[in-house]
1. Restricting attention to the range 1-25, and to residues there that are part of a helix (DSSP H, G or I) and aliphatic (A, V, I, L, M), which single residue is surrounded by the fewest Cβ atoms within 10 Å (Cβ to Cβ)?
2. Which condition breaks for LEU54 when tested against (1) outside any helix (DSSP H, G or I); (2) in contact with a helix residue (DSSP H, G or I) (Cβ under 7 Å, 6 or more places away or on another chain); (3) of a type outside the set (S, T, N, Q)?
3. Is there any pair with a first residue in the range 12-27 that is touching a residue at least 12 places away in the same chain (Cβ under 8 Å) and a second that is surrounded by 10 or more Cβ atoms within 10 Å (Cβ to Cβ) whose Cβ atoms are under 7 Å apart and which are 6 or more apart or on different chains, and what are they?
4. In this structure, does LEU65 turn out to be at pLDDT below 95 and either under 17 Å from the mean Cα position of the chain (by Cα) or of a type outside the set (Val, Ile, Thr) (or both)?
5. Where residues in the range 26-38 are closer than 16 Å to ILE50 by Cβ and modelled with pLDDT of 90 or more, which of them is surrounded by the most Cβ atoms within 10 Å (Cβ to Cβ)?
6. For the range 44-68, give me each residue that is surrounded by 12 or more Cβ atoms within 10 Å (Cβ to Cβ), among the aliphatic types (A, V, I, L, M) and within 13 Å of ILE2 (Cβ to Cβ).
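The values are calculated or read from the model by the stated rules, or taken from the named source; none is laboratory data. Treat the numbers as computed from the prediction; the structure is a model and nothing was measured. Methodologically, a virtual Cβ is constructed for each residue, glycine included, from the backbone with ideal geometry; neighbour enumeration extends over all protein chains shown.
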Amino acid sequence: MIRTLVARRHPQAADVKAVHREPRKGDLMFSRADTSKAQRLLGYRPSVRIMEGLQKTVEWYADNLAPVMEERKVAHG
C-alpha cells in the first residue's frame, strides 16, 4: 500500500521491492492489533481508514521531509 502511494509522486518507486531481514531481538513475529477493548471501554472509533491515513502520512513526509533532505544535499554537496 505504501509503495503504491509513494509511486504516485515518484513513479520509479513502483518497482522497489521490500527487503526482509532476520528479526531482531524483541521483534514481534505476528501482530494481532485489535482496538475492540478501547472501543468497548472508551468508545474509541477510528476516524480515518487505513488507506486515507497512509496517504496523509506519505503526503506529510513528501511535503516536510523532502525539502529537508534537499537542503542537506546542498549543504554537504
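1. Start the filter on the range 1-25 by keeping residues that are part of a helix (DSSP H, G or I), which leaves 2-9, 11-15.
Next, from what is left, pick out any that are aliphatic (A, V, I, L, M): 2, 5-7, 13-14.
Working: ILE2: 13, LEU5: 17, VAL6: 18, ALA7: 15, ALA13: 14, ALA14: 11.
Looking at residues that are part of a helix (DSSP H, G or I) and aliphatic (A, V, I, L, M), I get ALA14.
2. Status for LEU54: all satisfied but (1).
3. Matching pairs, first to second residue: VAL16/ARG3.
4. yes
5. Of everything passing the filter in the range 26-38, THR35 is surrounded by the most Cβ atoms within 10 Å (Cβ to Cβ).
6. Result: LEU54, VAL58, ALA62.
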